[in-house]
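Here's the structure we're looking at; comments come further down.
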Amino acid sequence: MKISREKVNHISSLVVKELASREEFDYKIELNRVRLEIARVMLEELKMDELCDQEARKTVSSYANSPREGSPEWDVLYHKHYEEQLTKHGM
């Protein structure tokens, strides 16, 4: 995960605070439930991103002549496989 749970909670609190300040929204549920749902979705997305990253790195490293990480060739292969993983997982 690229950001901590605390940061996710902070970001979700900021989003809910901004939503609460807008008069054009009428909430049928309490804002804390909205904040919790925002945090849950963010954490799920971050976990999926991490999974796709790991799978793409594993695939690139399995090549017989695997390029050095950070090289232009590695970047191209990594992004190709990362995008494939995102598609595979429905993102």
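The values are calculated or read from the model by the stated rules, or taken from the named source; none is laboratory data. Computed from a predicted model, the values in this text were never measured in an experiment. Cβ: placed from backbone, ideal geometry, glycine included. Neighbour counts: every protein chain shown.
Here are the numbers for this structure:
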| read-out | value |
| --- | --- |
| When residues of the range 3-33 are limited to those that are over 26 Å from LEU86 (Cα atoms) and aliphatic (A, V, I, L, M), the one surrounded by the most Cβ atoms within 10 Å (Cβ to Cβ) | VAL16 |
| Complete set of residues in the range 41-66 that are in a helix (DSSP H, G or I) and over 19 Å from the mean Cα position of the chain (by Cα) | THR59, VAL60, SER61 |
| Flag for LEU86 being in a helix (DSSP H, G or I), in contact with a helix residue (DSSP H, G or I) (Cβ under 7 Å, 6 or more places away or on another chain) and either of a type in the set (Val, Ile, Thr) or more than 30 Å from GLU18 (Cβ to Cβ) (or both) | no |
| Scope the range 1-40; condition more than 26 Å from LEU51 (Cα to Cα) and either among the charged types (D, E, K, R) or within 16 Å of the chain's Cα centre (by Cα) (or both); matching residues | LYS17, GLU18, ARG22, GLU23, GLU24, ASP26, LYS28, GLU30, ARG33 |
| Count - residues of the range 34-53 that are within 30 Å of LYS80 (Cβ to Cβ) and in contact with a Ser or Thr (Cβ under 7 Å, 6 or more places away or on another chain) | 1 |
| Test result for LYS47, at pLDDT 90 or above, under 30 Å from LYS88 (Cβ atoms) and surrounded by fewer than 12 Cβ atoms within 10 Å (Cβ to Cβ) | yes |
| Pairs, first under 12 Å from LEU36 (Cα atoms) in the range 1-18, second assigned to a loop (DSSP other than H, G, I, E, B), C-beta under 9 Å, six or more apart | VAL8/MET1; ILE11/ILE3 |
| Any hit, the range 67-81, residues being surrounded by fewer than 11 Cβ atoms within 10 Å (Cβ to Cβ), among the basic types (Lys, Arg) and more than 20 Å from the chain's Cα centre (by Cα) | yes |
